[in-house]
Amino acid sequence: MTGPNPPEIVKACCATAYQSDAVTAILGDSYHPGGLALSQHLGRTLRLRPGMRVLDVAAGPGSTALLFAAEFGCEVVGVDLGERNTARAREAARQAGLADLVAFRVGDAEQLPFDDASFDAVVCECALCTFPDKPTAARELARVLRPGGRAGITDITVTPGALPRELTDLAGWIACLADARSLEQYADLLTAAGLQTTAIERHDDALRRMVEQIDARLRAYRMTTRGALALSGVDTDRALALAAQAQRVVRDGAAGYALLIADKPAETPKS
Ligand SMILES: C[S@@+](CC[C@H](N)C(=O)[O-])C[C@H]1O[C@@H](n2cnc3c(N)ncnc32)[C@H](O)[C@@H]1O
């Protein structure tokens with residue numbers, strides 16, 4: 001459900017926003033609450049290890065894919081709609097000397113360009129919330145996982161109906177809030193896709209810290225000429241108003257962040 005915005009517009013706006021210099025300036029090199037510390041925790045929880053083939057859906061700047069390869073020695077493929085982020089991520093892999101373990105390609109989470117059962121693990125951080133067709137995206141995650149493989153999702157959670165109107169438009173969508181779901185709804189999406197949720201953790205503090213940091217950086221950038229340049233093209237007053245609304249819903253407990261692990265059942269041998 002994308003309201004008055006057609007799904008293709010929502011997707012294109014999201015991909016464009018997340019590869020802008022302004023987003024890099026505000027969010028740094030990892031675009032989800034909890035940053036790379038939470039990604040590392042996700043990798044440990046998924047028990048990633050050398051020899052495993054992992055897919056990072058909506059990989060953004062590619063920092064999680066690089067971390068997984070460097071920390072766990074697995075082979076990682078990152079896929080994202082953003083062409084500029086994909087090119088940057090490829091270059092980062094080359095510079096880190098990880099190009100033989102990590103690859104990036106452009107693609108849509110709702111139509112993954114990979115064969116069935118081609119990955120041991122699939123992760124998706126802070127992005128399911130932005131996909132217009134969540135049931136299809138969840139089915140795609142499940143399709144590319146091998147039987148017995150595991151999916152690790154971290155995402156914004158929102159209590160249904162709790163967002164103020166200002167956070168439900170296209171800007172709210174890009175801010176990952178407008179179409180975020182409750183933890184139960186995410187678990188239901190995974191179940192409907194044929195996965196079995198085996199672990200759930202709340203990381204609400206990570207979202208609180210992230211919105212505070214966004215607010216602080218926006219204020220600091222607004223005060224300096226270099227900052228204004230870094231954020232050129234961004235309406236800082238509007239962004240600060242959104243950040244204030246976001247802080248309010250996080251403080252009220254209406255929005256949070258969660259981690260879900262879901263297994264694809266192993267095939268039972270035919271008797
Ligand atoms: C909040 S960012 C998260 C990026 C990355 N997972 C991270 O945590 O650093 C959301 C990402 O989803 C990507 N995205 C949005 N819709 C997509 C789609 N339909 N298919 C693939 N990527 C998509 C955007 O381009 C953006 O990079």
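For residue 248 and residue 8, the FRET efficiency from 1/(1 + (r/R0)^6), where r spans their Cβ atoms and R0 equals 30 Å, is about 0.45.
Per residue and in cubic angstrom, what volume does the convex hull of the Cα atoms of segment 21-111 have?
Given the Cα convex hull of segment 21-111, per-residue volume reads 96 Å³.
Dipole magnitude for segment 94-228: about 520 debye, using +1 per Lys or Arg Cβ and -1 per Asp or Glu Cβ, origin at the Cα centre. Length gained on full extension, residue 49 to residue 166: 37.8 nm, using 0.36 nm per residue less the C-alpha separation. When only Cα pairs below 8 angstrom with a gap of at least 6 residues are kept, the chain shows a relative contact order of 20 percent.
Just want to confirm a number: the relative contact order over segment 113-271, from Cα pairs under 8 angstrom separated by 6+ residues, in percent. Working shown, then result.
On the way: 254 pairs, mean separation 52.7, N = 159.
Here the relative contact order equals 33 percent.
Find out how many positive minus negative residues lie around residue 140, taking Lys and Arg as positive, Asp and Glu as negative, among other residues whose Cβ is under 13 Å from that of residue 140. Intermediate results must be reported in sequence, preceding the final value.
On the way: positive: 134, 139, 143, 264; negative: 108, 110, 115, 116, 133.
Cβ neighbours under 13 Å give a net charge of -1.
Distance between the pseudo-spin-label points of residue 192 and residue 83 (7 Å out from Cα toward the beta carbon): 3.3 nm.
Measuring how big segment 117-198 is from its alpha-carbon positions, Rg and Dmax come out at 13.3, 42 Å. Cα centroids of segment 113-148 and segment 161-212: 17 Å apart.
On full extension, the segment bounded by residue 268 and residue 117 gains 52.8 nm, given 0.36 nm per residue less the C-alpha separation. As a fraction of the 1.4 Å probe accessible area of segment 1-127, surface on carbon and sulfur atoms comes out at 53 percent. In this label model, residue 216 and residue 103 are separated by 4.1 nm, measuring between points 7 Å along each Cα→Cβ vector. Calculate log10 I(q)/I(0) of the chain for q = 0.09, 0.14 Å⁻¹, where I(q) comes from the Debye formula with a single equal point scatterer on each Cα and nothing for solvent. The computed values of log10 I(q)/I(0) come out as -0.39, -0.96.
Stretch residue 237-residue 182 to full length: gain in nm at 0.36 nm per residue minus the Cα-Cα span? Write down the numbers at each step before the final one.
Working: separation 55, 0.36 × 55 = 19.80 nm, distance 2.91 nm.
The span from residue 237 to residue 182 would gain 16.9 nm if fully extended.
Summing charges over all other residues whose Cβ lies under 14 Å from the Cβ of residue 170, with Lys and Arg as +1 and Asp and Glu as -1, gives -2.
The values are calculated or read from the model by the stated rules, or taken from the named source; none is laboratory data. Model, not experiment: these values are computed from the prediction. All Cβ positions, glycine included, derive from the backbone under ideal geometry; neighbour counts span all protein chains shown. Areas reflect the complete protein model, heavy atoms only, side chains present, ligands, DNA and RNA absent. Shrake-Rupley method; radii C 1.70, N 1.55, O 1.52, S 1.80 Å.
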